[in-house]
Structures are given as C-alpha cells and as structure tokens.
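One structure is given below, encoded as structure tokens.
Only the coordinates and a few stated rules stand behind these numbers; no lab work does. Since this is a predicted model, take the numbers as computed values, not measurements. Backbone-built Cβ (ideal geometry, glycine too); neighbour counts: all protein chains shown.
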Amino acid sequence: MKAAILSELKRPLVVVDIELPEELKYGQVLVKVICSGICGSQIGEIDGVKGPDKFLPHLLGHEGVGIVEEIGQGVTKVKKGDYAVMHWRKGFGIESPTPKYKWGDKIVNAGWVTTFNEYAVVSENRLTPVPKDVNLDIAALMGCAITTGFGVINNNAKLKIGESIAVFGVGSAGLCIVQGAALVSANPIIAIDIYDHKLKLAEKFGATHTINPLKTDVKEEIEKVVGKDGVDVAIDSTGIVKVIETAYCVTSATGRTILVGVPPINEKVSIYTLPLHFDKIITGSYGGETNPSVDIPKYIALYQKGKFDLKDMITHYFYLDDINEAIVAIRSGETVKCIVKMEG
C-alpha cells in the first residue's frame, strides 16, 4: 500500500509502497482510508518543533475518515463495513499496541492512528463510527479541527452567551472556534489573522469584527470594540510567542486566555503574572479536551440538521501522491484547509 513517510526532519515526506503488519493485534482495526486532513501538528512534526524525533521513520496524520476492513480480537465499538472517523484523542474502546510497517528492510513506526496512508492499523479507541450518508470531507475534519474548535469553546473557554472573544489565527481550527463561538451566541467575536481571505471566511462563520495585524495595531483595534478592559476570552491558535503575549494582554482581568497553538521547544512566552493571582486565567488546550466517542456523533447530527456548515473551509484538494505540494500550499498561507484523497 502507498504511504507518506516522515524519514527525516525538515525534509519532504517520502511517498512509497510499504507493507502492512501480517496480522492484527488485540484491539487493532484495519481501516481503508478515504481521505485525510492535514493539521498544523503534522507541519510541526515535520519541522521538529518539539525537538528530536526518536521514532523516525514514521507515518503521519491524525484526522481522517475510512471504512473498517477487518477487526482484531476484543474490538466491539466498530465492525467490518462501518464508516469511521479517525481521531487522535482517545475515545471509548481498547487502546491497542501501536503497529509497525515494513519499508523494504526498514521498520516504519506509527502511532495509534495515522491517515497519510491508503490503509491504516488503528487502535479501537481512535475510531468513532458515523452514518454512511455523512459528507465524508467534513467527517474527516471531525478527527481534529472541528472537535478541537468546538471543544475549546465548550470545555476550555466555557464561553457563555454574550461573552466577548478574540480568536488569534483563523486557519481551520480557528475557524471552528469562531463557528463554535457563534453557536453559543458570543458577542462580539473578533477574528485576527494576517490573511484577508481567511478573515472573510471568519465573517461567514460568525465573526462580528476582523483585524489584520499587518495593517493595524491589534490591541488598539480590540479596545475600540470592547474597551480597555479587554475581552472575556482570548484564544491563540498560532503558537507564535508574540501573538500569545498579545492574546494574554487583551484578555480582561477576569478573563481566560486559552492556548491551542504550541511554540517551538526553544521559545519562551513572557507575561505579567500578577493578574493570575486573582481571577485571570491562562491555560493550554489539549485538543479541546474532547471525548470523540461522545462529541463526534453530536456534531455530526448538528451538521446534518444544518446547524453549522464548514464546507467553505475546505479550499484545496490533493491526492496522496501530491501531499508535499499540499504541505507547501499550507505553509504559504494559500490554503485554509486541504483534504488529501487516497484514490484518484
């Protein structure tokens, strides 16, 4: 089967044929991958932002959708023929051993889920079955972008009706955060990004105000909207140190700063901590603390009833053979979200 392998940091992925494990272990599921999103986390893995990678060479990808081909012993949450979202957050079921694939005489490592490959051996607790009539491109994004965005609103920010929010970085996760804020009737919803095409999409998904930091001072513009006290909630999805510092600065003395993006390992954030001794909060999000087994069916049902629509967020499509072109497009800021199809 064809797969995209990270064999060396800061280098293009290697797209080659590799061999599946000979048999499934307890709790493992063989999935035929239909399509996958590319998350900023994969770009970070390629760049080695968290430091040396002891698992090279390895497979990548953690949001996708596929068809269950075979189940290992003990598996009860999915069955052969099910359509299932592939997600990196733990859901219900067994956490299986991680698989190893063969690439000639090399061993290729993999985590509990990978999606940049035509077939994947996935841990049962990284799969959630979905209706077969669901939009599969949107279902793929339930693996990370949508569940993270909505989870940040529900679980980390605990955003309430009428509270103000500023979202720094409106790529796919940021746009889902904006949409989630709109669903709970936050006001105002301020989107900040250096790309105007992303800001236009943010308006479509519920942003009441947009700010481009390349054109104006962010702090001054936010103060014009909510006053000098700042916003109730500020969320950073960029992982850029200066942006994180700005997000904290514009958060009110009783507000919450939520960090979704992660800075490179050698970069430190500088903030004035005194407000944290009183009511101000700064915290990191881990995938929105979502439980995929519980949340994905709810979000699928809302989507199918027309309560939200993120199709316009998907701006580009690529095939697996062209995944390095997709990564270049993401780095350029050209894309908002791209979908990688396994078959052409």
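Remarks
- Acute angle (nearest 10 degrees) that the helix 172-183 long axis makes with the longest principal axis of the chain, alpha-carbon atoms: 60 degrees
- P(r) of the chain over all Cα-Cα pairs, binned every 10 Å from zero, in whole percent: 6, 26, 33, 23, 10, 2, 0
- Couplings for segment 185-191, taken from phi via the Karplus curve 6.51 cos²θ - 1.76 cosθ + 1.60 with θ = phi - 60°, read 6, 5, 6, x, 10, 9, 9 Hz in order; Gly and Pro are left as x.
- One quarter of the convex hull surface built on the alpha carbon atoms of segment 205-321 amounts to 11.1 nm², the projected area averaged over directions.
- Cross-link check: pairs LYS198/LYS337; LYS158/LYS337; LYS54/LYS268; LYS10/LYS242 evaluated at a Cα-Cα cut-off of 19 Å; pairs beyond the cut-off: LYS158/LYS337; LYS54/LYS268; LYS10/LYS242.
- Of THR315, THR246, THR216, the sequence from fewest to most neighbouring Cβ atoms within 10 angstrom is THR216, THR315, THR246.
- Take every DSSP beta bridge whose two residues both sit in the chain; close to 60 percent of them are antiparallel.
- Whether segment 145-286 is rounded, prolate or oblate, judged on the alpha carbon gyration tensor where a/c under 1.5 counts as rounded: rounded
- If the convex hull is drawn through the Cα atoms of segment 102-201, its volume per residue in Å³: 160 Å³
- Each Cα pair under 8 Å and six or more residues apart adds its sequence gap; the mean of these over the residue count of the chain is a relative contact order of 17 percent.
- Cβ-based charge dipole, the chain, positive-most Cα from LEU127, LEU274, PRO52: LEU274
- Residues whose amide H falls under 5 Å from that of GLU63, counting only those 5 or more places apart or on a different chain, are GLY37, with hydrogens built in the peptide plane.
- Whole-Å distance, taken between Cα centres, linking segment 153-171 and segment 23-58: 29 Å
- Using a Gaussian network model of the chain in which every pair of alpha carbons under 10 angstrom is joined by a spring, one finds that among THR148, THR115, THR210 the greatest mean-square fluctuation is at THR210.
- In sequence order, calculated HN-Hα J values of segment 21-38 (Karplus, 6.51, -1.76, 1.60; Hz; x Gly/Pro): x, 5, 8, 7, 8, 4, x, 8, 9, 8, 10, 8, 6, 8, 7, 9, x, 10
- In segment 203-289, GluC sites (Glu not before Pro) in a DSSP loop with at most 16 other beta-carbon atoms within 10 Å: GLU267
- GluC sites (Glu not before Pro) lying in DSSP loop within segment 1-44, provided at most 14 other Cβ fall within 10 Å: GLU8, GLU22, GLU23
- Along segment 79-90 the Karplus relation, 6.51 cos²θ - 1.76 cosθ + 1.60 evaluated at θ = phi - 60°, assigns HN-Hα couplings of 9, 4, x, 5, 8, 9, 6, 9, 9, 8, 6, 5 Hz to successive residues, with x for each Gly and Pro.
- Under-5 Å amide H pairs with VAL130, H placed in peptide plane, nonlocal only: TYR83, ALA84, VAL85
- Residues with amide H under 5 Å from that of LYS337, placed H, sequence gap 5 or more: THR315, HIS316
- You can think of it this way: the chain between ASP322 and SER270 has 14.8 nm of extra reach, that is 0.36 nm per residue less the Cα-Cα gap.
- Filtered GluC sites (Glu not before Pro), segment 79-145: DSSP coil and at most 16 other beta carbons within 10 Å: GLU95
- For the chain, a Gaussian network of Cα nodes joined below 10 Å ranks ILE177, ILE240, ILE107 by mean-square fluctuation, and the top entry is ILE107.
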